[in-house]
Every structure is written in C-alpha cells, then in structure tokens.
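Chemist: First the structure, then my questions, so here it is.
The values are calculated or read from the model by the stated rules, or taken from the named source; none is laboratory data. Computed from a predicted structure; not experimentally measured. All Cβ positions, glycine included, derive from the backbone under ideal geometry; neighbour counts span all protein chains shown.
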Amino acid sequence: MYSAVRTTLPVDPPAAHALWRRERDTLFRSHPQSALPQGKRWRFPGLRYYEYDPRFAFTAKVEPLPEERYDIGTSTGSAIPFVRFGKVTFELGWLEIYWLDAYSGGVFLPFRDATAGKTTYGGGRYLLDTAKSADLGSRGAALVLDFNFAYHPSCFYDPKWVCPLAGPFSRIDTLIEAGERT
C-alpha cells in the first residue's frame, strides 16, 4: 500500500490520500491481522478521516540528537524499548524520532496534538512506523511528514493490542485536523 502511495504522493497528494484510505479500509475488513475484532469486520463502514488539507504536509530534515534509550509507555501500562536518535522541526513545532529497539526495528514517530481526546484517540496517533512499512519516504535529506496520513494505533480499535503512546516529546499544541479521526 505505502509503495503505491509514495509513488502517487509527489504528483497528486489528494489521489494518494484517497488510495491510502481505500486500502486501509480494505485491510481493516479483510486482513487476518486487522485491528478490528473479527465480529465487527462484516459491518465495518470504513474509517473516518479529515478531508485532505495540504497545510498539514511538510518535509523536515532529521536533526541528530544524542542517542538515548527510553521505555515508552503503552496502552496496557507496559513499556516498549526505543532509542531516541533525532528530531524533526517543521512549521507546527518539533517532534522527537525514535528507533524501535525490539521486533524488527524501525523508525517510529508518534504524536499527540490538540485534537487528542476530542476528535482523535487520546493516546495520540502515528505518522511513521517503518517496522510496519508505514512511511511516506523522503525527499533528499528530508522526511515527508504529511499529517493527512496520520492514523490511530491498533489499540484504539481493540484493547487486546499493545500500542506505544505519544510521550512528552511527541506533543504539538496545535489542532492537527488531518488524517484519521474518531
């Protein structure tokens, strides 16, 4: 899915967003590892999203930070090990970027904004999770950070999933009315 989105995004961002939405709905309905409980899949109407808004699309260079290990809290009260390795600064603020120090590893960028607990999941949303191939790629030395592609963690749909939540350096005070919503 993300490969097709990465190909379409530079030439037609709204079309890439529509493709991403369709594919996510299909995965939620039919994938064996869907975040939805089996009994809810047959009547699943589709995920809810804000309309695509180009004001929430950025590119940002990763600024290296001294590596620091963190145990990031999860939806179940446990913790998952991550290594903070950098941050990205863009028009709305800045966010730290982490390396998942478990499973297959990967770049992870959670965030919590002023919509959290109101029109989005209170624990935050995800923008990058390369362990699951959820990334929009890069442009030169800069990461593509398009909040229109932000999504809720699996635990939003079913508490059986263990999800790392956005920590104190993953917060933006602005309303980011883009991406998935409740």
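Chemist: Pairs only if they're at least six apart or on different chains, beta carbon under 7 angstrom, first in region 127-138 and closer than 11 Å to Y2 by Cα and of a type in the set (S, T, N, Q), second modelled with pLDDT of 90 or more and not in a strand (DSSP E or B); list them, first residue then second.
Modeler: Listed by first residue and then by second, the contacts come to S133/Y2.
Chemist: Here's a check for you: in region 133-159, which residue that is charged (D, E, K, R) and modelled with pLDDT of 95 or more is farthest from L109 (Cα to Cα)?
Modeler: This residue is D158.
Chemist: Now for a different question. Regarding L65, is this residue within 19 Å of L109 (Cβ to Cβ), surrounded by fewer than 18 Cβ atoms within 10 Å (Cβ to Cβ) and among the hydrophobic types (A, V, I, L, M, F, W, C)?
Modeler: yes
Chemist: Could you list, in sequence order, all residues of region 68-77 that are surrounded by fewer than 16 Cβ atoms within 10 Å (Cβ to Cβ) and either under 19 Å from S104 (Cβ atoms) or of a type in the set (F, W, Y) (or both)?
Modeler: R69, D71
Chemist: If you take the residues in region 78-117 that are among the hydrophobic types (A, V, I, L, M, F, W, C), in a loop (DSSP other than H, G, I, E, B) and modelled with pLDDT of 95 or more, which one is surrounded by the fewest Cβ atoms within 10 Å (Cβ to Cβ)?
Modeler: Among residues in region 78-117 that are among the hydrophobic types (A, V, I, L, M, F, W, C), in a loop (DSSP other than H, G, I, E, B) and modelled with pLDDT of 95 or more, the one surrounded by the fewest Cβ atoms within 10 Å (Cβ to Cβ) is A114.
Chemist: Turning to a different aspect of this structure: If I filter region 156-170 down to residues being under 13 Å from the mean Cα position of the chain (by Cα) and touching a residue at least 60 places away in the same chain (Cβ under 8 Å), which single residue comes out as farthest from W94 (Cα to Cα)?
Modeler: Result: F156.
Chemist: Taking the options P14, P37, P54, name whichever one is in contact (Cβ under 8 Å) with a residue 12 or more places away in the chain, out of contact with any helix residue (DSSP H, G or I) (no Cβ under 7 Å at 6 or more places or on another chain), surrounded by fewer than 17 Cβ atoms within 10 Å (Cβ to Cβ) and closer than 15 Å to G179 by Cα.
Modeler: After ruling out the rest, the residue left standing is P14.
Chemist: With respect to R48, determine if the residue is closer than 22 Å to P159 by Cβ, out of contact with any Leu (no Cβ under 7 Å at 6 or more places or on another chain), touching a residue at least 40 places away in the same chain (Cβ under 8 Å) and among the charged types (D, E, K, R).
Modeler: yes
Chemist: Within region 145-167, can you find the residues that are out of contact with any Ser or Thr (no Cβ under 6 Å at 6 or more places or on another chain) and under 23 Å from G86 (Cβ atoms)?
Modeler: Result: L145, D146, F147, N148, F149, A150, Y151, P153, L165, A166, G167.
Chemist: Related question: Would you check if Y49 is over 30 Å from D12 (Cβ atoms) and either within 16 Å of the chain's Cα centre (by Cα) or surrounded by 16 or more Cβ atoms within 10 Å (Cβ to Cβ) (or both)?
Modeler: On the way: over 30 Å from D12 (Cβ atoms): no; either within 16 Å of the chain's Cα centre (by Cα) or surrounded by 16 or more Cβ atoms within 10 Å (Cβ to Cβ) (or both): yes.
It is false that Y49 is over 30 Å from D12 (Cβ atoms) and either within 16 Å of the chain's Cα centre (by Cα) or surrounded by 16 or more Cβ atoms within 10 Å (Cβ to Cβ) (or both).
Chemist: Considering only residues that are more than 11 Å from F90 (Cα to Cα) and part of a strand (DSSP E or B), which ones fall in region 54-77?
Modeler: Once the filter is applied, which keeps residues that are more than 11 Å from F90 (Cα to Cα) and part of a strand (DSSP E or B), region 54-77 yields E63, P64, L65, P66, E67, E68, R69, Y70, D71, I72, G73, T74.
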